Amino acid sequence: MLEVVWEMAFLPDGRLLVTERAGRVRLVTPDGELQDEPWAAPDNVFHSGGGGVMGLALHPRFPEEPWVYVMYTLDTPDGEVPDDNPWPGNPVWAYGLRNAQGLAFHAGTGTLFVADHGPQARDQIHIVEGGRNYGWPRVLGAAGMDDYEDPLLEWIPAAPPGDLTFYNPAEGVGGVRSSRRPLLQHPSLPGADPHPVPGSGQPPPRERLGADGSGGP
């Protein structure tokens, strides 16, 4: 039995990788059989509240590049800082995401899309690039400011996406918790309309947070 499933990724041979928020990645065979032993179990997972093992993505050129990326919250830091990180010796690659829940690389471009939960509303879809600031906690929403990256898409009220995946033929980005239809088509996706799918929401006006966390104009 699976426990608190958060994200899924199909391998080219039809097998399915599934994250369990408690700290495991499980493998399901093409005929639907769940393997008893975890496929992976990252060390030092901090599983509390909304934390744990969440995002999962295959390398855009998988299986030629046989990498599987897993996003999870840490109890204590581990691993090494890559030499090409934006800030040498610093494990931070990008910042300003409040509560990232799902991630997906576009196979054609390598672009990284991330679903991020806002505080009670303003759930967002971002394209994430190294060294960029996505606003939280200084800015909430599409600020239109040079120092911050605006989201591609937001929802008011909340429609929290728990996962992201690409699908054919439209190659839009879909969020499994918020809808079964495409949430977004973007210029980074070959042949895509540069506007959100009708009815999926539009970027809201700029909103700044006060020192006490309250909203402002």
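Rule-based calculations on the coordinates, nothing more; no lab input. Quantities reported herein were computed from a predicted structural model and do not represent experimental measurements. Please note: Cβ atoms are built from the backbone with ideal geometry, for glycine as well, and neighbour counts cover all protein chains shown.
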Once you place label points 7 Å from the Cα toward the Cβ at R138 and W67, how far apart are they in nm? 2.9
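Quick one: length gained pulling E129 to H47 fully straight, 0.36 nm per residue minus the C-alpha distance?
Details: separation 82, 0.36 × 82 = 29.52 nm, distance 2.64 nm.
That works out to 26.9 nm of additional length.
So, R0 is 35 Å and r is the distance between the beta-carbons of L16 and D84; what FRET efficiency does that work out to, to 0.05? Intermediate values should be presented prior to the final figure.
Details: r = 32 Å, r/R0 = 0.90.
That gives a FRET efficiency of 0.65.
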Fully extended, how many nm does the chain gain between H59 and L2 (0.36 nm per residue separation, minus their Cα-Cα distance)? 18.1 nm
